[in-house]
Amino acid sequence: MNGPRVVLASTSRYRAQLLSRLLPCFESCAPGTEETPGAGEKPADLALRLATAKARAVAGHWPDALIIGSDQVAARDGTLLGKPGDRDTARRQLKASSARTVSFHTAVCLLDTRKDPAGAYTALDITRVHFRALGTDEVERYLDREEPLDCAGSFKCEALGISLFERIECTDPTALVGLPLMALSRLLRDCGVPVP
């Protein structure tokens, strides 16, 4: 590969698919970071902290590379919404989001270990998803077809989940999937990687 080695500090298939739109060659590494929010930590602050922590956790193993960390925090009326993990939790999340707005705070951090291992370039995108009123049968049909148990907010906007919404307010549609490619493109260019 021409240019610096790039490492995605994630094993998320969604983030890897997104990053492959920008870069044909990169490596992935599990960061193994603790993701528990701090007391009173705001969603945007949490997303930025975790994105940076993921990149830093991987950086020590890659001393001559660009490290990309990313994290997404979903919140509804100040309540954090994690990945449901099971159908009952997904059902509760979707029912509680019916006719409401969920904000997704998606952060990206780029570390350039070639130059300044301590320096971090970061960006944050906020996407607001306005759910339509959802009937119980619609929630069950959706969960039957999609099984979004590993997605914050219990939906996949890039698939059938889009049918659950009235509208989405965003500046970067890729941020909702988990990696804000517009911001990342800018950060990569700042570090000398030609994109496109």
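No value in this document is a laboratory result; all are computed from the given coordinates. Since this is a predicted model, take the numbers as computed values, not measurements. Positions of Cβ are generated from backbone atoms using ideal geometry, with glycine treated the same way; all protein chains shown enter the neighbour counts.
Expressed as a whole number of Å, what is the distance separating the alpha-carbon centroids of the stretch 1-39 and the stretch 151-183?
18
Once you wrap a convex hull around the alpha carbon atoms of the chain, what is its projected area averaged over all directions, in nm²?
10.8
Take every Cα pair under 8 Å in the stretch 82-192 that's 6+ residues apart, average their separations, divide by the length, and report that relative contact order as a whole percent.
Normalised by residue count, the contact order of the stretch 82-192 is 35 percent.
Using the alpha-carbon atoms, what tilt in degrees (0 to 90, nearest 10) does helix 136-146 show relative to the longest principal axis of the chain?
With both axes taken from Cα atoms, the answer is about 40 degrees.
Can you give the Rg to Rh ratio for the stretch 35-118, taking only C-alpha atoms and Rh from Kirkwood?
1.11
Could you give the nm distance between label points at Ile168 and Arg186, where each point is 7 Å from its Cα heading toward the beta carbon?
2.0
If you line up the long axis of helix 43-59 against the longest principal axis of the chain, both from Cα atoms, how many degrees apart are they, to the nearest 10?
Computed tilt is about 40 degrees.
Can you compute the modelled spin-label distance between Asp137 and Ala99, with each label point 7 Å from Cα toward Cβ, in nm?
1.8
Hey, what angle do you get for helix 181-190 against the long axis of the chain, alpha-carbon based, 0 to 90 degrees rounded to 10?
So the helix axis and the longest Cα principal axis differ by about 10 degrees.
Okay, helix-only estimate at 222 nm for the chain: each DSSP H run of n ≥ 4 adds -39500 (n - 2.57), divide by all residues, round to 500 deg cm²/dmol; what do you get?
Counting only the DSSP helices, I get -9500 deg cm²/dmol.
Only Cα pairs under 8 Å and at least 6 apart count here; give the relative contact order of the stretch 5-190 as a rounded whole percent.
23
What are the lysines whose alpha-carbon lies under 30 Å from the alpha-carbon of Lys156, with same-chain residues fewer than 8 places away excluded?
Lys42, Lys54, Lys83, Lys95
In nm, what is the difference between 0.36 nm times the number of residues separating Arg114 and Asp64 and their Cα-Cα distance?
17.5 nm
If Lys and Arg each add +1 and Asp and Glu each add -1, what is the summed charge of the other residues whose beta carbon sits under 14 Å from the beta carbon of Leu94?
Net charge around Leu94: +3.
For a Förster distance of 41 Å, can you work out the FRET efficiency between the beta-carbons of Cys25 and Glu158, rounded to the nearest 0.05?
With R0 = 41 Å, the Cβ-Cβ based efficiency is 0.95.
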